[in-house]
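Laboratory data are not the source of any read-out in this text; all were calculated from the coordinates shown. What you see is a predicted model, and the numbers here were worked out from it, not measured in a lab. All Cβ positions, glycine included, derive from the backbone under ideal geometry; neighbour counts span all protein chains shown.
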Amino acid sequence: MRPTDILTLTPAGLYCPPGDFHIDPLRPVPRALITHGHSDHARPGHGAVLATSETLAIMAVRCGEGFCATQQTAVLGESMRLGDVTVTFYPAGHVLGSAQILIEAGGCRIVNSGDYKREPDPTCIPFQPKACDVFITEATFGLPVFRHPPARDEVAKLIASVALFPERSHLVGAYSLGKAQRLVALLREAGHDAPIYIHGAMERLMALYETLGVPLGDIRKVPTGKEAGRSTFAGSIILCPPSATQEIWSRRFADPVTAFASGWMRVRARARQRGVELPLVVSDHADWEDLCTTICETGASEIWVTHGEADALVHWCTGRGLKAKPLHMLGYGDDEEAAAAESEAPVASQAAAESETP
Ligand SMILES: [Zn+2]
Ligand SMILES: [Zn+2]
């Protein structure tokens, strides 16, 4: 069987005719396999949804219990037969519950990675490279300028800043699914035991991570309305969705040090544009080197690039004798981390302009 007989691009996203299902569909479909809970991949309104138990739980929190008609749990590493294909979910290391999906049919193996990263993350199971013929990859940070430093070093910068400015609060913009919990877990690993305050929009996902076995320590919602009191949160770390750092909500905090945890913080212009005083380069996506390494490790001879900076990665692949093509999948990448790229100057030119900076 040819790979394009197994997976084909439709307006709703990647579709598997012999298995009769879509992967991470962009619009409602009868049967969807979902790689992870970010809103650009996990949309409500499908008939049947097959995903890991964590992803199903995240979807229920974000989209409501009735996010689909029927749910089926995929157990990591356990193969299932769907129509004429076999599918197996494997960990992707991106956020809690995130999975790659292996599809096997007629001797051909295709892995759709969803979003992934290779850097250790205490909140989710590490990515496992799987041998395949076709590897479908994202390319959110698919330019050589993107090199993510160890997240622990970035978190150490945050802790050092809190120690240096005890009279100031530290307001950290972080995406509410994955990044926020990872930051908390890394802060705890580094010995920061103090209460960590969160914006109300993060409350339910924080609680869900705890329920699903990811310990986050003393997490407190920033009180609002009559309960707000006079606390200015001096010396405290407060996590909030990136947009909230600019909102009225943030005015109550004592002379805040504004931080933002994102792979985009590697581009200094981004940090300046957002008025970020303390950029923290922490990403839940693979950087350039990890994208290339992963492609090699899968042994795939053909690479499909779903979204992000596809051109540079496709070029890199063809230079190594691999067959590669961009899928130009519009609709992905407006989650969370990738969203920071939108409505700002093109990444490629901005990053290129800075590629000489140390
Ligand atoms: Zn994602
Ligand atoms: Zn994505």
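Across the range 24-31, rounded Karplus estimates of 3J(HN,Hα) from the backbone phi angles (6.51 cos²θ - 1.76 cosθ + 1.60, θ = phi - 60°) give 6, x, 8, 9, x, 9, x, 9 Hz, Gly and Pro being marked x.
What per residue convex hull volume, in Å³, comes out for the chain when only alpha-carbon positions are used?
On the way: hull volume 46.4 nm³, N = 358.
Spelled out: Cα convex hull of the chain, divided by residues, is 130 Å³.
Helix 151-164 axis versus longest C-alpha principal axis of the chain: approximately 10°, rounded to the nearest ten.
I need the GluC sites (Glu not before Pro) found in the range 54-152, filtered to DSSP loop residues with at most 11 other beta carbons within 10 Å of theirs. Spell out each step's value before the answer.
Values: sites: Glu54, Glu65, Glu78, Glu104, Glu138; in loops: Glu65, Glu78.
Of the GluC sites (Glu not before Pro), the ones in loops of the range 54-152 whose Cβ has at most 11 other Cβ atoms within 10 Å are Glu65, Glu78.
Could you pull out every one of the lysines with an alpha carbon less than 21 Å from that of Lys179, ignoring same-chain neighbours closer than 8 positions? Within reach: Lys117, Lys157, Lys221. Relative to the longest principal Cα axis of the chain, at what angle does helix 310-319 sit, 0 to 90 degrees, rounded to 10? With both axes taken from Cα atoms, the answer is about 50 degrees. One quarter of the surface of the convex hull around the alpha-carbon atoms of the range 1-137 equals 7.3 nm², the direction-averaged projected area. Each label was represented as a point 7 Å from its Cα along the Cα-to-Cβ direction; for Gln128 and Lys157 these points are 3.4 nm apart.
Along the axis of the charge dipole computed for the range 35-106 (Cβ charges of +1 for Lys and Arg, -1 for Asp and Glu, origin at the Cα centre), the listed residues Pro44, Thr73, Gly93 are led at the positive end by Pro44. Exposed loop sites here mean trypsin sites (Lys or Arg not before Pro) with a DSSP loop assignment and at most 16 other beta-carbon atoms within 10 Å; the chain contains its longest site-free run at 1-146. Net length available on complete extension from Arg320 to Glu78 is 83.8 nm, with 0.36 nm assigned per residue and the Cα-Cα distance removed. Compared with the dominant Cα axis of the chain, that is its longest principal axis, helix 53-63 is turned about 60°. Beta bridges per DSSP, both residues in the chain: antiparallel share near 35 percent. Rounded to whole numbers, the Karplus 3J(HN,Hα) couplings from phi for the range 237-246 are 9, 10, 9, 8, x, x, 5, 5, 5, 9 Hz, using 6.51 cos²θ - 1.76 cosθ + 1.60 with θ = phi - 60°, and x at Gly and Pro.
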